[in-house]
Amino acid sequence: MPVREFSDFARSLFDDTSTYVAEKASNTVQTIKRRVTANRKVPWMVTAAANLGTVEGVGYRNNPRIVSWAERIGGAMKRIYTQDSTPWCGLFVAHCMHANEVPITISNPLGARNWLKFGVPVDPCFGAVMVFWRGSKNGWQGHVAFYVGEDSNYYHVIGGNQGNKVSVARYPKSRFLGARWPKGYRTLYQNNSSRIHRKFSATVGNGY
């Protein structure tokens, strides 16, 4: 069973952190959902956690929830994104930001690597937008999700289109391109550089 590591910074956002660490939870999804939804300091993470387990439609069928995210954002996103067979990791991040009135300041949020232009750069920390390369480091493909923690070789992230659903997954640090934070938004939450602190056992899926 993989080891899950949380930071001082991440733990500071939860209520009753001593109980949280002592639980040694065996289910990452339930633990993160319970603790994130109990605390509203990083509101887009509350939205992310609330959507854990959302699965795209099978075959030609769409999950109306996923498509509705593009409809709510509107504009070009609504016109472009009409079926959940289209990669939707960027849509999920955009939805979590838009639902909490965080301005999406990049063109084509569907493109994972476009999130490298979002907000301001930050060291990986709870709630940060994490961008990874896929296929080739110098290519155009990528993945984008939200940081929840890390171990020695992997970042653990909540994201969409991870195994065709919203899930917690591990992505190799060797594929990491950058972390971003909304410009001017609650900046005190991004300033803790001591990330790895405590460990507990958890079930965490592997990223693609």
Full-extension gain in nm, residue 61 to residue 138, via 0.36 nm per residue minus C-alpha separation: 24.4 nm
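Take the cross-link list 137/165; 78/137; 78/165 and give me the ones stretching past 22 Å between alpha-carbons. Display every interim value, and only then the final one.
Numbers: 137/165 24 Å; 78/137 29 Å; 78/165 20 Å.
Pairs exceeding 22 Å: 137/165; 78/137.
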Of every Cα-Cα pair in the stretch 60-133, the percent that sits beyond 19 Å: 32 percent
Just add up the charged neighbours of residue 118: K/R +1, D/E -1, any other residue whose Cβ is under 9 Å from the Cβ of residue 118. +3
Can you tell me the length gained on complete extension of the stretch residue 72 to residue 100, counting 0.36 nm per residue apart and subtracting the Cα distance? 8.9 nm
Which of 128, 179, 159 sits farthest toward the positive end of the charge dipole of the stretch 67-186, with +1 on the Cβ of Lys and Arg and -1 on the Cβ of Asp and Glu? 179
Could you tell me the extents of the stretch 71-191's C-alpha atoms along the three principal axes, largest first, rounded to whole Å? 41, 33, 26
If you add up the charges near residue 61, with Lys and Arg at +1 and Asp and Glu at -1, over every other residue whose beta carbon is less than 15 angstrom from its beta carbon, what do you get? 0
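All of the numbers you see were taken from the coordinates with simple rules; none came from a lab. None of the values given here were measured: they were computed from a predicted structure. For neighbour counting, all protein chains shown are included, and Cβ atoms are generated from backbone atoms with ideal geometry for every residue, glycine included.
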